[in-house]
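Trainee: There's a structure below that I have some questions on.
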Amino acid sequence: MAITTTHASGAPHSHPVKERNSAFYGIFAVSFIVFFAIALIAETVGWQWRSWLPGAEGVKSLTGGVKAAVYTFMSYLT
């Protein structure tokens, strides 16, 4: 559902803010799950997964590294 506002000219102007936010969070959630699964499997096996994911190289925790990788990945989409 788009949010509609009216400009000084009286013409309605649509702002699909809600759709963009839900799309961003949807892509973020799916990416986080995929990267988390990769990192969890690699961590279980004992592989150095942080070098595989962009942005996760300097982060110590599993979720912090995955979150950094997802934010780096999301920056390439815009």
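Trainee: Does Val34 meet the test of being surrounded by 10 or more Cβ atoms within 10 Å (Cβ to Cβ), at pLDDT 90 or above, under 10 Å from the mean Cα position of the chain (by Cα) and part of a helix (DSSP H, G or I)?
Mentor: Against the criterion (surrounded by 10 or more Cβ atoms within 10 Å (Cβ to Cβ), at pLDDT 90 or above, under 10 Å from the mean Cα position of the chain (by Cα) and part of a helix (DSSP H, G or I)), Val34 does not qualify.
Trainee: In the range 37-73, how many are touching a helix residue (DSSP H, G or I) at 6+ places or on another chain (Cβ under 6 Å) and outside any helix (DSSP H, G or I)?
Mentor: Total meeting the criteria: 6.
The values are calculated or read from the model by the stated rules, or taken from the named source; none is laboratory data. Small disclaimer: the values here were computed from a predicted structure and weren't measured. When we count neighbours, we look across all protein chains shown, and the Cβ atoms used for this are built from the backbone with ideal geometry, even at glycine.
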